[in-house]
Amino acid sequence: MEKEVDLNNTLYYNNREISWLNFNLRVLEEAMDERNAFLERLKFLAIYESNLDEFFMVRVASLFDQIHAGYNIPENKAGMTPRAQLNAISDVLHKHVEIQNNTYLALMPKLKDYNIHVLKMEELSKEDIQYLEEHFDEHIFPVLTPMVIDAHRPFPKLLNKSLNLAITVGNKPSKRQGDATDDEKLSIVQVPSVLKRYIEIPAHEETETKRVFVLLENVLSYFIHKLFKGFQVTSVTAFRITRNADLTIHEEGAQDLLAEIEQELRKRQWGAAVRLEIQGDNKNDTIVNFLIDKLEVERKHTYFYEAPLDLTFLFSFYGALKETHPTLADAPHPPQVPQDLVAGQNVLDAALEEDLLLHHPYESFDPVVELIARAAEHPDVLAIKQTLYRVSGNSPIIKSLKRAAENGKQVTVLLELKARFDEENNVQWARELEKAGCHVIYGIIYLKTHSKISLIVRRRNNKIERFVHLGTGNYNDATARIYTDLGLITTNEEIGEDATNFFNHLSGYMKKPKYNHLIVSPVDIRKKFIELMEKEMEHHKKHGNGHIIAKMNSLSDKALIMKMYEASRAGVKIDLIVRGICCLRPGIPGISENITVRSIVGRFLEHTRIFYFHNNGDEKVYLSSADMMTRNMDRRVEILFPILKPHLRDRIIGWLDLIWSDNVKAREQAADGTYHYVPRKAGEPVINSQEVLYDRAKRHATASSQALTEIRKNKVKSPF
């Protein structure tokens, strides 16, 4: 008889926030990985910093809110209270900050090997300093505003994520020896965000190929005395604050959700400070204590750097260096023509013949853009319905939807106004779409619509045809070049009926429909996953071949984790590919010894959500917009959809097998929650799954249209 265990034991779970910090450490490790191109390592430093900013603005801010509200109940997995989580975050992050600091300081001097120099002011020639002084006087000085702090002028409101200089000044010493001076006074100068963080000094004739840069804050500090004529600058301290930037939207009482969100967006820059960053080791300095006091930040959430603050400037620095040093960046990987299409083929015509599977960014996102563009212009198209969560700044899909409405088609756009940090963009898009004649709806109250679905209704030969696109990622042509995602374009009549019911349910008064193939959250996706796992346990009990593979961004839903533990205890083999947060702990004897967890952090951001169940040989593959997170299961409108065509299902299973075999960028989680690179056995081939997938896509793109037609006609697997 199997021994009973308590699957609620907190030792069996990773805390969500600490798990996320360990994911971001894996991003930082990419900056340390000498196998990566040099400029890509700088970019990973910027990604690490950008991720961390959002983590503090949302996750850490939420924990502070809970504490201030008197909420002290432990979270339901690792059993940590909000205060315990904040303390753990501080302990872990101080170690990570040291790694980040050392990584930057080790990388930047190596730029000299490529004739690129990032210098301090004392390292410059007199000629270069003269150039910078002229540049300061003409371009920087007019933008600066010193904010003195005294009895009449209180500590200023500082913008979220702004870089600032705290400057102490005193009277210049008198010429007469022994004269007393006034006490020092403090001023704040914000480093203007409208200016580039780095200044390039023009090359001289003798150093024509040499590129020399100086950081903006260093130039400001050097010439800051010009702002305080008649006084002596005694110290300059660079600091940066991060504020609570999560929106509090009162949907139920909002007569106009657009106006409500616009009002909340104006408050975002002024939330409570949750982190203070200071350049320099000034832990006992009077200035530091003053800043901690005025900003009301705990010392444990104050972080000290020798490196510059806010390394997100490395994004634009990467772009500037790539222009003259392209070999220091990754070789270009232009997206290829999808395997199920040939160049120039009409995507509507192709979809009528066969389901189309698209694998981004290895394959182009253009067919999705083309799908909406052709529908906008086609005289027989009656209606276009689409969900939008995040789109690019100059979205061709938005343009096509506007054009469709102007062409007299019925256009319905379910636009999620609450997409975090895209709220402002989406408010603007909503107004533009409405102005063009689109019917814009905002979904269901208290739920975010995170689904990725488009429906095109066409009448041809007095018959209705429905084209449906379903995806794992956003309708964003920009991120589709760097995020891995899957999309399906189908004319399956039952899926078309499901898509119609989905949109009608969200836009009008209609009971929850019964779908043919789509599984829609809230609630139903979790139910389906549990049902599939229980079925896998039954098959394993009878046949001993239970196997589940799940690829996602994050895994945190406790009910699903507990069901995986049950399946593992029943002998089912479970392989998880989880890029980020993973609250499940694998390899615990008697609990999760049949579960393996891997994470891949590489050139592209792994974003596909794929769920495979062996099902005693009748294999099932589902794709989804949802991760196995509680928010996706309960507080979002998500879609889980099956891959019905066997040849497409086999293709995805092949991709999963390849991704699992990665031994370059894959890391495996140990039972204690830590990660290590997957060891490569002697004689085993080197497999970077992202590079292999791109090479395969490139090979497929060279296949002739005749070969592709033969593959479709005979329903055989591609020879590639």
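Would you point out the residue of the stretch 53-75, among those that are among the acidic types (Asp, Glu) and in contact with a helix residue (DSSP H, G or I) (Cβ under 8 Å, 6 or more places away or on another chain), that is modelled with the highest pLDDT?
Here is the first cut: in the stretch 53-75, the ones among the acidic types (Asp, Glu) are 53-54, 65, 75.
From what's left, in contact with a helix residue (DSSP H, G or I) (Cβ under 8 Å, 6 or more places away or on another chain): 53, 75.
On the way: Asp53: 96, Glu75: 93.
That would be Asp53.
Being more than 25 Å from Ile167 (Cβ to Cβ), out of contact with any Cys (no Cβ under 7 Å at 6 or more places or on another chain) and either touching a residue at least 60 places away in the same chain (Cβ under 8 Å) or not in a helix (DSSP H, G or I) (or both) is a property that Ile140 lacks.
Taking the stretch 661-677 only, how many residues are outside any loop (DSSP other than H, G, I, E, B) and either closer than 18 Å to Leu584 by Cα or touching a Leu at 6+ places or on another chain (Cβ under 6 Å) (or both)?
Within the stretch 661-677, residues that are outside any loop (DSSP other than H, G, I, E, B) and either closer than 18 Å to Leu584 by Cα or touching a Leu at 6+ places or on another chain (Cβ under 6 Å) (or both) number 6.
Could you check, for the stretch 97-113, whether at least one of its residues is over 31 Å from the mean Cα position of the chain (by Cα) and either over 28 Å from Lys185 (Cβ atoms) or assigned by TED's automatic domain parsing to the domain that holds Ile167 (or both)?
Going residue by residue through the stretch 97-113, those that are over 31 Å from the mean Cα position of the chain (by Cα) are 112-113.
From what's left, either over 28 Å from Lys185 (Cβ atoms) or assigned by TED's automatic domain parsing to the domain that holds Ile167 (or both): 112-113.
There is at least one residue in the stretch 97-113 that is over 31 Å from the mean Cα position of the chain (by Cα) and either over 28 Å from Lys185 (Cβ atoms) or assigned by TED's automatic domain parsing to the domain that holds Ile167 (or both).
Criterion first (closer than 19 Å to His359 by Cβ, in the same structural domain as Lys399 (by TED's automatic domain parsing) and among the hydroxyl-bearing types (Ser, Thr, Tyr)) does Thr479 satisfy it? For Thr479, the condition - closer than 19 Å to His359 by Cβ, in the same structural domain as Lys399 (by TED's automatic domain parsing) and among the hydroxyl-bearing types (Ser, Thr, Tyr) - is met.
When Lys551, Lys512, Lys535 are checked against the criterion of being surrounded by fewer than 20 Cβ atoms within 10 Å (Cβ to Cβ) and either in contact with an Asp or Glu (Cβ under 8 Å, 6 or more places away or on another chain) or at pLDDT 95 or above (or both), Lys535 stands alone in meeting it. For Gln66, the criteria (1) surrounded by 19 or more Cβ atoms within 10 Å (Cβ to Cβ); (2) free of Cβ contacts under 8 Å to residues at least 24 places away in the same chain; (3) polar (S, T, N, Q) hold in every case but one, which is (1). Against the list (1) buried (at least 19 other Cβ atoms within 10 Å of the Cβ); (2) at pLDDT below 95; (3) not small (Gly, Ala, Ser), the condition Ile445 fails is (1). Taking Glu370, is it modelled with pLDDT under 95 and assigned to a helix (DSSP H, G or I)? Taking the combined requirement at face value, the residue does not satisfy it.
Can you tell me which residue within the stretch 614-637, out of those that are among the acidic types (Asp, Glu) and not in a helix (DSSP H, G or I), is surrounded by the most Cβ atoms within 10 Å (Cβ to Cβ)? First the steps, then the outcome.
From the stretch 614-637, those among the acidic types (Asp, Glu) are 618-619, 627, 634; that's our starting set.
The next check asks that each one be not in a helix (DSSP H, G or I); those that pass are 618-619, 627.
Working: Asp618: 8, Glu619: 16, Asp627: 26.
Out of the qualifying residues, it is Asp627.
For the stretch 29-42, the set of residues classified as in a helix (DSSP H, G or I) and more than 17 Å from Arg598 (Cα to Cα) consists of Ala31, Met32, Phe38, Leu39, Glu40, Arg41, Leu42, listed by residue number. Within the stretch 30-39, being crowded, with 18+ Cβ neighbours inside 10 Å and not hydrophobic (A, V, I, L, M, F, W, C) holds for Glu30, Asn36. Among the residues of the stretch 523-552, the one identified as in contact with a Gly (Cβ under 6 Å, 6 or more places away or on another chain) and either among the acidic types (Asp, Glu) or under 17 Å from Tyr13 (Cα atoms) (or both) is Glu536. Here Leu693, Leu656, Leu640 are screened, and the one residue that is closer than 30 Å to Leu518 by Cα and either modelled with pLDDT under 95 or outside any helix (DSSP H, G or I) (or both) is Leu640.
I need the strands (runs of 3 or more DSSP E) fully contained in the stretch 451-566, keeping only those with at least 1 residues that are among the polar types (S, T, N, Q), out of contact with any Cys (no Cβ under 9 Å at 6 or more places or on another chain) and within 30 Å of Glu17 (Cα to Cα). Spell out how you get there, then give the answer.
Working: elements: 453-460, 463-471, 483-490, 547-552.
The strands (runs of 3 or more DSSP E) meeting that bar are 483-490.
Restricting attention to the stretch 400-426, the residues being at pLDDT below 80, surrounded by fewer than 19 Cβ atoms within 10 Å (Cβ to Cβ) and either of a type in the set (Gly, Ala, Ser) or assigned to a helix (DSSP H, G or I) (or both) number 3.
The values are calculated or read from the model by the stated rules, or taken from the named source; none is laboratory data. The structure presented is a predicted model; accordingly, all values stated were derived computationally and were not measured. A quick note on method: Cβ atoms are made from the backbone with ideal geometry, for glycine too, and the neighbour counts reach across all protein chains shown.
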